[in-house]
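The structure appears right after this line, and notes come after that.
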Amino acid sequence: MKKVIVLLAIAVTAITTNANAQPPQGGNFDPAAMKERQLKMLKESDLKLTDVQADSVIAINWEFQAQQRGFRDLTPEERQTKMKDINDAKLKRWTSALKDEALAKKVAEFYEKQRQQRGGQGGGRPAGNK
């Protein structure tokens, strides 16, 4: 169970990091449009989140996304350790915001599934691209 939670937390972090690390072509990144896409994705999922809950999940993701930007220059081992810490904290925040640990875990599973559908991308830089 612990492994599942850690993997889910890593996935959520990877999703938010990847989304921020790769702005659309042309450089006209629009945070409001990105939040709308994320909100639509959550609302169309089988999570059955209310508007307030979905907004809370997205707000928490964006908070942690800012912290993750500094991870790009870390070694893979350091990054993995930091990501675990961030993902654990994110799960706690989701649990608090949603007032339901089971639902928070479902959100983490949802983001893990999204990550897997993208081919398991972990965000960050490819090796040798420093």
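Each value in this text was obtained by applying a stated rule to the coordinates, not by laboratory testing. Just so it is clear, the structure is predicted and the values come from calculations on it, not from any experiment. Reconstructed Cβ throughout: ideal geometry from the backbone, glycine too, with neighbour counts over all protein chains shown.
Given the Cα-Cα distance of residue 40 and residue 73 and 0.36 nm per residue of separation, how much length would full extension add, in nm? Walk me through the numbers on the way to the answer.
Numbers: separation 33, 0.36 × 33 = 11.88 nm, distance 3.19 nm.
That works out to 8.7 nm of additional length.
Which value, in debye to the nearest 20, describes the size of the charge dipole of region 78-118 about its Cα centre when Lys and Arg Cβ atoms bear +1, Asp and Glu Cβ atoms bear -1, and nothing else is charged? Before the final figure, lay out the partial values.
Values: 12 positive and 7 negative charges, 30 e Å.
Result for region 78-118 is approximately 140 debye, rounded to the nearest 20.
Among 29, 110, which comes first, then next, by fewest other beta-carbon atoms within 10 Å?
Fewest-to-most ranking of 29, 110: 29, 110.
At a Förster radius of 35 Å, what calculated FRET efficiency corresponds to the Cβ-Cβ distance of residue 101 and residue 51, to the nearest 0.05? Walk me through the intermediate numbers first.
Details: r = 21 Å, r/R0 = 0.60.
That pair, residue 101 with residue 51, gives E of 0.95.
What ranking, highest mean first, results for peptides 47-54, 72-79 when packing means the other Cβ atoms within 10 Å averaged over each residue?
On the way: 47-54: 14.1, 72-79: 11.8.
The densest-packed peptide leads the list: 47-54, 72-79.
Projected area of region 78-118, taken from the Cα convex hull and averaged over every viewing direction, in nm²? Could you put the intermediate results ahead of the total?
Values: hull surface 11.9 nm².
Convex hull of Cα atoms, orientation-averaged projection: 3.0 nm².
For region 44-59, take each phi angle, set θ = phi - 60°, evaluate the Karplus expression 6.51 cos²θ - 1.76 cosθ + 1.60, and give the result in whole Hz per residue in order, putting x for glycine and proline.
7, 6, 8, 6, 6, 7, 6, 4, 5, 5, 4, 4, 5, 4, 5, 4
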